[in-house]
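Quick notes on the structure that follows.
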Amino acid sequence: MRKSATPLLIAALLAGVAGPAGAKKDKDAPAASQGSSADPENPYPSTYKAYPGTATAIRGATIFDGEGGRIDNGVIFLSDGKVTAIGGPDTPIPADIAVFDGTGKYVTPGVIDIHSHLGNYPSPGVDAHSDGNEATAPVTAHVWAEHSIWPQDAGFSRALANGGVTSLQILPGSANLFGGRSVTLKNVPARTMQGMKFPGAPHGLKMACGENPKRVYGSKGREPSTRMGNMAVNRATWIKARDYQKKRAAGKDQPRDLGMETLADVLEGKILVHNHCYRADEMANVIDMGKEFGYRVTAFHHAVEAYKIADLLRDNGVCSALWGDWYGFKMEAYDGIKENVPLVHRAGACTIVHSDDDNGIQRLNQEAAKALGAGRRMGIDIPDEIAWTWLAINPARAMGISEQTGSLKVGKMADVVLWNGNPFSTYTRPDKVWIDGALLYDSANPKLRPVSDFEVGQIGAGDVK
Amino acid sequence: MSKRTPTIPFGSSLSRTVSARSSRPTLLDFARSCSNRTAAGIAALALLSTPALAQSLAITGATLAIGDGSEPIRNGTVVITAGKVTAAGAGIAIPPGTKTIDAAGKWVTPGLVSGFSRVGLVEVPAVNETNDASARSPFSAAIDVAPAINPLANPVAISRTAGITRAVVVPSTGTGIFAGQGAVVDLGADMNPITKPRAFQYVEMGEEGAKDAGGSRPAAILTFKTMLREAQEFAKAPASYDGRSKDALLNRIDAEALVSVVTGAMPLMVHVESARDILAVLALRQDFPALKLILAGAAEGWMVAPQIAAAKVPVIAGGLDDLPSSFEKLAATQSNVGRMVKAGVAVSMGLMDRDEGLQLRLATQQAGNMVALNKVPGATGLSWGQALRTISSAPAEAMGLGDRIGSLKAGRAGDVVLWDGDPLEMTSAPLAVWIDGIAQPLDNRQTKLRDRYATPEEGALPKAYAW
């Protein structure tokens, strides 16, 4: 895959002129190579740059630092896009900066949603916008979710203003066993996907267990139509991927294959596996499949039965990204319980609260509150500040961005929410949201409500939502 | 077909159902009829067996919310006698000999009413065999959900555990714009779920209605008017109505079912979202003045709230819609409910978009978020009492049942929930639920799974032996 630029350029010209025949020739051509990308390993690079912020301090708030720490009557100081100081009431801050009174309010790191389809299933949800599932083959490891993202989805602004979401992972849908690459975004309005792309975040690979792939392809009379078919196609694909990866690592010549590149990167630990999987028994099969082929699942998503195998998940170091109380909408979700999150947490396994929904992403704090309450009623007494890890450092780690964000530690991105009360209360909303130190939502300033291109000039544009 | 009777007058229907409850078979009878029940299993069901007859009960010292829109009061008392609320408020005298529950530090509300659901019609939505919400059938308007309500469906128990005691059950369209006749049900642990059968007719008139009518709004409106005129023809001369004529849109059975809609005897719940569709629906009264309309959805209702208020049409809304998720919801905002209430519209909340069969318990979250809006500059929310009303007395009143259920005013059904904290907080949950004065079981399949997997490791025997 590291050849001169010329053959690909010619192939591309041929494809353009000759149509499908030319395109086929391109596909069959030996070892395609790079064009003029500055970084061939990263051909759609982030162009996101932090917006200007002013040095800001918040005093007197209760702070959950996102790693389980809590500071009462705390002080946090943001400057140059970073958290520059955090501590108790005596924390020194410069004299000439904007200071917000946080009395009665709470400060947390920005919410991170590890599972979203904003941009690839945007609003309005018309057929023309249905870009989340390349449901034409069960293995589409070659597609990248970022190429479906429409930055003008109004859902991003709702997630910001109502949910305090500052980073999110957009995944392909779950129709396919191998759905393709995910992308992590900063929740900042932009003209392009690249303008939102989280700098330095690794890609993820979306995989899916269970009902969706077997239903989608079984109904087309194709493999897989069963769970054993799911596993067989998965394993056959990993066999090819290992072969591809070995050749690539040895520098051997082979035709460039986008899907195999993705899977080889998984096998080399460069891409993190995010596996949609509901049932305990299937998760156990997938964990073994990872051992068979030499990769690790970073997180099971949805995982409504994670509580049944919380020990297995803990022992294998797999995170569970869960809903607060969604259950029962299909057979593999039938055993969902409200205590899933606290039970997995108590077992010592990595626990994340996720949305998979353009409404749910606006209230992840409330989803976590449901789990918190359900846990406490069964004697699992998790303090608020520990529960906030479900929305902060835990998803950040599972997305490979925990060095940059996910907690309020000095030197990290100033992705911060000032809440107008305890964020586990239904009555609480974001007061202000900073991303990389830039104030991008202020409930008191109507001009700091993002209005997408789709909305501008339409009824309701700029309304409080 | 000839056995179909006109809508049973509501009063007689409800009072019969309620008064008959205690003498009808309960789940315990069902349990007793099963062999191999463990003592624990029987014990779990004992809660609902013991008060086979509703006993008098007073709950004292609670933060008490009546459900009528008033704000909660401290140190309140509610008294239930013979299955009905006899008094609720502060300084209530408790009749001698009444069993009393000290609820200091707790909250008491009326049982919650879901304004829009499919509970009891669905077990697993994606499993067709368990989903009775819609049908591709030769019939539409005449479809009656009441006989199909399954009080043993797991979502009934799960919702009851969360403090939902009654629900509006709405059929979904399968053939054409009319879905059929919905019901109001209770979520009690017995085999008599129906509070009010054939409580309303349901019709789609927005984007969905256009689709159901073949692809356009004009077609939906014309279809609607034509069908209602056919119902009028049927009413005038039932014997001569030819439902098999090439010109007829309605067969005889569906025509008969729409007669009570045209006369206003049966409310018509109309699903529309956009401002223009709402106005188009209100204008239908020019042709059919007796229509007793209820709007469902109304995401853009705030834009035409004065007109809705003037028309005295109640609205059942989703509450949290704030995305332009379709072209009929471009102006959706969470302030929709607050703005409509402020304009004088009677607004309830329910599950409009999904999970209508399962997640009735989201009602408290919907209501709580309406309260949250009061702290957001520029937003219009609801007071706590108003918010509770949208999930208690308002949906009851929209169904014409305000004098029977949905609040803790004297004379209403003894549907009461005792909560461990503020019911609109996601960390709170019911400690006890009564329906018609009868204490309800608060366990369900989910609590059983929870208890089984409190520790994930297998014990001396596999998990399958832990039950």
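The values are calculated or read from the model by the stated rules, or taken from the named source; none is laboratory data. All of these numbers come straight from a predicted model, not from anything done at the bench. Because the Cβ atoms are built from the backbone with ideal geometry, glycine has one as well, and the counts that use them run over all protein chains shown.
For the reader, a short list of remarks on this structure follows.
- Filtered residues of the stretch A:35-89 (kept if farther than 18 Å from residue A:414 by Cα and of a type in the set (Ser, Thr, Tyr)): A:36, A:37, A:44, A:46, A:47
- Pairing residues of the stretch B:441-454 that are facing chain A (nearest Cβ under 7 Å) and more than 11 Å from residue B:162 (Cβ to Cβ) with residues that are surrounded by 20 or more Cβ atoms within 10 Å (Cβ to Cβ) and modelled with pLDDT of 95 or more, at Cβ distances under 6 Å and at least 6 apart in sequence or on separate chains, gives B:449/A:335; B:449/A:337; B:450/A:337; B:450/A:339; B:453/A:307; B:453/A:308.
- Residue list for the stretch A:94-145, filter: part of a loop (DSSP other than H, G, I, E, B), closer than 29 Å to residue A:65 by Cβ and away from chain B (no Cβ under 14 Å): A:94, A:95, A:96, A:97, A:102, A:103, A:110
- Failed item in (1) among the β-branched types (Val, Ile, Thr); (2) modelled with pLDDT under 95; (3) out of contact with any Ser or Thr (no Cβ under 8 Å at 6 or more places or on another chain), with residue A:62 passing the rest: (2)
- Among residues of the stretch B:154-175, those that are free of Cβ contacts under 8 Å to residues at least 60 places away in the same chain and either assigned by TED's automatic domain parsing to the domain that holds residue B:444 or of a type in the set (Gly, Ala, Ser) (or both), counted: 2
- Filtered residues of the stretch B:455-467 (kept if facing another protein chain (nearest Cβ under 8 Å) and surrounded by fewer than 13 Cβ atoms within 10 Å (Cβ to Cβ)): B:457
- Subset tally (residues that are without any contact (Cβ under 8 Å) to a residue 12 or more places away in the chain, assigned to a loop (DSSP other than H, G, I, E, B) and either touching a strand residue (DSSP E or B) at 6+ places or on another chain (Cβ under 8 Å) or within 9 Å of another protein chain (Cβ to nearest Cβ) (or both)) for the stretch A:447-460: 3
- Summed over the stretch A:79-93, the residues that are in a strand (DSSP E or B) and in contact (Cβ under 8 Å) with a residue 40 or more places away in the chain give a count of 6.
- Reported count of residues in the stretch B:123-134, each being surrounded by fewer than 17 Cβ atoms within 10 Å (Cβ to Cβ), out of contact with any Phe, Trp or Tyr (no Cβ under 8 Å at 6 or more places or on another chain) and among the hydrophobic types (A, V, I, L, M, F, W, C), is 1.
For (1) over 17 Å from residue B:440 (Cα atoms); (2) surrounded by fewer than 20 Cβ atoms within 10 Å (Cβ to Cβ); (3) not aliphatic (A, V, I, L, M), each residue gets a yes or a no:
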| site | (1), (2), (3) |
| --- | --- |
| B:74 | yes, yes, yes |
| B:77 | yes, no, yes |
| B:91 | yes, yes, yes |
| B:96 | yes, yes, yes |
| B:107 | yes, no, yes |
| B:112 | no, no, no |
| B:118 | yes, no, yes |
| B:121 | yes, no, no |
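- Candidates A:224, A:189 - the one that is surrounded by fewer than 23 Cβ atoms within 10 Å (Cβ to Cβ), closer than 30 Å to residue A:46 by Cα and touching a Phe, Trp or Tyr at 6+ places or on another chain (Cβ under 7 Å): A:189
- In the stretch A:257-286, the qualifying residues are those that are free of Cβ contacts under 8 Å to residues at least 60 places away in the same chain and within 14 Å of chain B (Cβ to nearest Cβ), and the one that is surrounded by the most Cβ atoms within 10 Å (Cβ to Cβ) is A:280.
- Filter result (surrounded by fewer than 20 Cβ atoms within 10 Å (Cβ to Cβ) and β-branched (Val, Ile, Thr)) within the stretch B:150-192: B:175
- Checklist (1) more than 23 Å from residue A:156 (Cα to Cα); (2) assigned to a helix (DSSP H, G or I) applied to residue B:270, failing item: (2)
- Taking first residues from the stretch B:297-322 that are on the phi > 0 side of the Ramachandran plot and partners that are of a type in the set (D, E, K, R) and buried (at least 22 other Cβ atoms within 10 Å of the Cβ), the Cβ contacts under 7 Å between residues at least 6 apart in sequence or on separate chains come to B:297/B:273; B:298/B:273.
- The residue that is farthest from the other protein chains (Cβ to nearest Cβ), counting only those in the stretch B:406-417 that are crowded, with 24+ Cβ neighbours inside 10 Å and small (Gly, Ala, Ser), is B:413.
- Within the stretch A:295-335, the set of residues being more than 9 Å from chain B (Cβ to nearest Cβ), buried (at least 24 other Cβ atoms within 10 Å of the Cβ), outside any loop (DSSP other than H, G, I, E, B) and not aliphatic (A, V, I, L, M) comprises A:298, A:300, A:301, A:302, A:319, A:320.
- Listed by position, the helices (runs of 4 or more DSSP H) enclosed by the stretch B:299-405 that each have at least 3 residues that are facing another protein chain (nearest Cβ under 8 Å), buried (at least 22 other Cβ atoms within 10 Å of the Cβ) and in contact with a Lys or Arg (Cβ under 8 Å, 6 or more places away or on another chain) are B:363-372.
- Condition met for residue B:422 (within 14 Å of another protein chain (Cβ to nearest Cβ) and under 24 Å from residue B:61 (Cβ atoms)): yes
- Residue B:44 satisfies every condition listed in (1) in a loop (DSSP other than H, G, I, E, B); (2) buried (at least 16 other Cβ atoms within 10 Å of the Cβ); (3) modelled with pLDDT under 95 except (1).
- Residue B:263, sole failed condition from (1) touching a residue at least 24 places away in the same chain (Cβ under 8 Å); (2) surrounded by 18 or more Cβ atoms within 10 Å (Cβ to Cβ); (3) hydroxyl-bearing (Ser, Thr, Tyr): (2)
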